[in-house]
Amino acid sequence: MPIVSKFRKRRIRLAAFLSVCGAAIVIGQAGDIRRVFGQEGKTANSETARDPADQNRSASQDKTRAPEDSRASVDPVADQDPDETKIKEPEFRRKSKPQLKRALTSIEFKVTQNADTEPAFRNRYWNNKKDGLYRCVVCGLSLFSSETKYKSGTGWPSFWAPIEEDHVGYKTDYFLFYPRTEVHCKRCSAHLGHVFDDGPTDTTGKRFCMNSAAMKFYESGKENDFDE
Ligand SMILES: [Zn+2]
């Protein structure tokens with residue numbers, strides 16, 4: 001065999017060996033590359049997997065919060081303005097005696113300003129059974145509700161409680177030579193009547209014996225004009 005030919009055969013074997021090694025290296029690198037991408041992919045998947053978990057957790061937290069939020073927004077008590085449930089009172093404008101004489105009837109003036117008493121059974125509200133509000137005839141402050149009015153048989157409108165305890169004031173008088181508890185409008189001092197301890201025992205036990213002339217009745221469901 002010629003030397004050149006023998007040498008060529010060695011080169012071919014060497015080239016083949018190098019080719020195999022190169023292929024092995026390439027495959028090995030590819031494996032490494034796959035591993036790297038695989039890990040990255042796995043890492044990416046982990047990230048992706050964590051996100052929905054967080055989202056679910058957030059969603060469940062949101063679900064937990066949502067009813068509270070929605071309950072808070074629709075809670076009628078929480079949203080209700082406490083002032084809306086209160087009876088609206090007209091603005092107080094104190095009137096002089098001449099102004100009161102012009103604004104009130106004779107009996108209204110005598111009762112509210114001079115503590116007079118109107119006759120039993122001959123007054124406008126003693127037998128009034130309508131639902132509504134009794135206001136001070138002088139200043140319009142709410143005094144009594146039809147809900148506490150009851151049949152006393154005295155001939156005067158009788159109630160077992162004022163609509164608000166601080167809407168009426170009390171003082172002792174001796175007009176009949178024995179002490180009685182006089183009741184007046186807390187805001188304008190108009191005389192209203194007297195209170196006694198012989199009211200219905202299943203309520204307060206009080207009898208607020210009022211003069212119709214000291215009050216103006218406003219029927220429920222009808223418009224009120226406090227400036228009348
Ligand atoms: Zn008044």
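Every number here is computed from the coordinates shown, using simple stated rules; none is lab data. What you are looking at is a predicted structure, and each value in this text was computed from that prediction instead of being measured. Here the Cβ is made from the backbone with ideal geometry for all residues, glycine too, and neighbour counts use every protein chain on show.
Tabulated values for the structure
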{"read-out": "Residues satisfying the stated conditions in segment 120-156, i.e. assigned to a loop (DSSP other than H, G, I, E, B), in contact (Cβ under 8 Å) with a residue 40 or more places away in the chain and more than 16 Å from the ligand (Cβ to nearest atom)", "value": "N123, R124, Y125, W126, N128, K130, D131, S152, T154, W156"}
{"read-out": "Subset of segment 80-119 [touching a Ser or Thr at 6+ places or on another chain (Cβ under 8 Å), within 14 Å of the ligand (Cβ to nearest atom) and under 18 Å from H194 (Cβ atoms)]", "value": "V111"}
{"read-out": "Looking only at segment 185-199, and only at residues there that are touching a Ser or Thr at 6+ places or on another chain (Cβ under 9 Å) and in contact (Cβ under 8 Å) with a residue 24 or more places away in the chain, the one that is farthest from T154 (Cα to Cα)", "value": "C188"}
